[in-house]
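Here is the structure we will look at, set down as structure tokens.
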């Protein structure tokens, strides 16, 4: 007798958070999925054209632009799940209070880096509206905006986690995957 197939969610569950943040996170998740799928189709189409000695230069440039966007939005997807790489050998040995302050320190440092990156990213976007992408002729700011938007979104999710840490919520509760979305 075969076992019944277990229905798994399409998207990995995220930390329990207020519905506006969950909605924002799901929007980012689906944007990454749609962008990645579109990029795959574009590249496949251009590779198929190579079999008949054709090439569309705009596909390469659009692919580069979308790669910037999907990279930084993917960073936001990871930030909402605390899925970025961590080395925890040291902080795992700390007690509950020590772990809490170590986590808070790491998130505060991450917020500082993301804040600086977002600030300078938005300045770069603002300063680049007059420059154009070579083939597409679109403003270069559209490409740079991927970094600014991604870092801003990462900062939102990291800030939420930071405030959860300050409220004393342990990591096991902050990143449990039992909540279905």
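In the stretch 78-97, the count of residues that are at pLDDT below 90, in contact with a helix residue (DSSP H, G or I) (Cβ under 7 Å, 6 or more places away or on another chain), surrounded by 13 or more Cβ atoms within 10 Å (Cβ to Cβ) and part of a helix (DSSP H, G or I) is one or more.
Counting only residues that are assigned to a loop (DSSP other than H, G, I, E, B) and closer than 28 Å to residue 172 by Cβ, the stretch 5-50 holds 13 of them. Would you say residue 114 is over 20 Å from the mean Cα position of the chain (by Cα), surrounded by 14 or more Cβ atoms within 10 Å (Cβ to Cβ) and touching a residue at least 40 places away in the same chain (Cβ under 8 Å)? No: the conditions fail for residue 114. When residue 132 is tested against (1) free of Cβ contacts under 8 Å to residues at least 12 places away in the same chain; (2) farther than 30 Å from residue 88 by Cβ; (3) under 16 Å from the mean Cα position of the chain (by Cα), just one condition goes unmet, and that condition is (3).
The values are calculated or read from the model by the stated rules, or taken from the named source; none is laboratory data. As the structure is a computational prediction, the values presented were derived from the model and not from experiment. Here Cβ is always computed from backbone atoms with ideal geometry, including for glycine, and neighbour counts include all displayed protein chains.
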